[in-house]
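First the structure, in the form of structure tokens, and then the observations on it.
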Amino acid sequence: MTSEAIWQALIDRLDQMQEAGESADFWLRDDDAVEPTAALHRLLDLTDRFSVPLTLAVIPAHTDARLERCLAGRRDISVAVHGWSHENHAPAGEKRQELGSHRQGGTVSDELRAGYARLKTLFPASFVPLLVPPWNRIDAEIVAGLGAIGFRALSVFGSERSGKATALLRPGLQIINTHVDVIDWRGTRGCRDHAQIVRDILARLEQVVNGTGSVGILTHHLVHDENVWAFLSKLFEVTLTHPASRWRKVSDLIGR
């Protein structure tokens, strides 16, 4: 399939939505931000060029005022809490997890409370009460205490209607997931095939009609190859000029 045909499929679907009076909200979540790097500056420049709001999942234990200065004055940036230190506490043989039941007492909750306070202090203008668990994994018992810390939303990966997501639902806590990952984590660890990513977007669009959900795009700027940058640039170009798609700040989605 040619590059033109790949993107024409998305354009055709958006055209159909426009004709039906439907639209879709897109949002962009980028994980593992800690400090200003060349890759982060490239992401910031790209999203700024296309006026795409960006949610950075920041690791509280490892960030400092350097990132605060880098983001100062950028109105389309939101800062979410990415766990505490992005450290794996699961035993050997289990999937990596920081926010699990592997430690005693309220250690995890205490770390999340510290992370929440640290980022809210460092980024007062861009902080959002959104938790992004490292590796997109969190135990239900941890979720139960998020409201008391101040979190209003949780973001993992996958459909909000899945059984896994339903198990995380709590009163007062919204689930705003990402649904399309651009990285081939189990293979090349570079960009996935562009046609496959677009198919994932199309599949998500079938579930989204006029504000009943959003299309969450997941990126990791520190591991992007040139194919990722090319994909994002083309995605922004196609969607920003189409009346049936809108890029939203995650704060606009929280509480909606």
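As a check on your grasp of the helix formula, calculate [θ] at 222 nm for the chain: sum -39500 (n - 2.57) over DSSP H runs of n ≥ 4, divide by the residue count, round to the nearest 500.
Values: 10 runs with 96 residues, N = 256.
Helices in the chain give a 222 nm mean residue ellipticity of -11000 deg cm²/dmol.
What's the ranking of 91-102, 228-239 by average number of surrounding C-beta atoms within 10 Å, highest first?
On the way: 91-102: 13.8, 228-239: 18.2.
Answer by packing, highest mean first, reads 228-239, 91-102.
What full-extension length gain, to one decimal in nm, is calculated for residue 186 and residue 230 as 0.36 nm per residue of separation minus the Cα-Cα distance?
Separation in residues times 0.36 nm, less the Cα-Cα distance, equals 13.8 nm.
Could you pull out which residues in segment 1-30 have an amide N less than 19 Å from a spot 7 Å beyond the Cα of residue 195, following the Cα-Cβ vector?
Inside the label zone: 1-13.
Considering only the chain, what is the antiparallel percent among its DSSP beta bridges, to the nearest 5?
Working: 2 of 31 bridges.
Bridges in the chain are about 5 percent antiparallel.
Can you tell me which of 21-30, 110-119 comes out highest on packing, and rank the rest after it, using the mean Cβ neighbours within 10 Å?
21-30, 110-119
By per-residue mean of other Cβ atoms within 10 Å, what is the highest-first order of 123-131, 246-254?
On the way: 123-131: 20.0, 246-254: 18.2.
Packing order, densest peptide first, comes out as 123-131, 246-254.
Nearest 5 percent is fine: what portion of the DSSP beta bridges confined to segment 38-185 is antiparallel? Could the numbers behind the result be given before it?
On the way: 1 of 14 bridges.
Around 5 percent antiparallel, to the nearest 5.
Where only protein heavy atoms count, and the probe is 1.4 Å, what is the accessible area per residue for the chain in Å²?
Details: 11530 Å² over 256 residues.
Roughly 45 Å² per residue, with all protein chains present.
Less than 13 Å Cβ to Cβ from residue 7, Lys/Arg counted +1 and Asp/Glu -1: what total charge do the surrounding residues give? Kindly include the intermediate steps, with their values, before the conclusion.
Numbers: positive: 13, 199, 234; negative: 4, 12, 15, 237.
My count for the surroundings of residue 7 gives -1.
Rounded to the nearest 10 degrees, what's the angle between the helix 194-205 long axis and the longest principal axis of the chain, both from Cα atoms, 0 to 90?
Helix 194-205 sits roughly 80 degrees off the main axis of the chain.
Tilt of helix 38-50 relative to the longest C-alpha principal axis of the chain, in degrees (0 to 90, nearest 10)?
With rounding to tens, the tilt is 50 degrees.
What Kirkwood hydrodynamic radius, in Å, does the chain give when the mean of 1/r is taken over all pairs of distinct Cα atoms and then inverted?
Numbers: mean 1/r = 0.0533 Å⁻¹.
Across the chain, the inverse of the average 1/r is 18.8 Å.
Which whole number of Å³ per residue matches the convex hull of the alpha-carbon atoms in segment 37-136?
Numbers: hull volume 10.6 nm³, N = 100.
With only Cα atoms used, segment 37-136 gives 106 Å³ per residue.
The values are calculated or read from the model by the stated rules, or taken from the named source; none is laboratory data. Note that the coordinates shown come from a computational prediction; the quantities given were computed from them, not determined experimentally. Quick reminder, even Gly has a Cβ in these numbers, built from the backbone with ideal geometry, and neighbours come from all protein chains shown. Areas reflect the complete protein model, heavy atoms only, side chains present, ligands, DNA and RNA absent. Shrake-Rupley method; radii C 1.70, N 1.55, O 1.52, S 1.80 Å.
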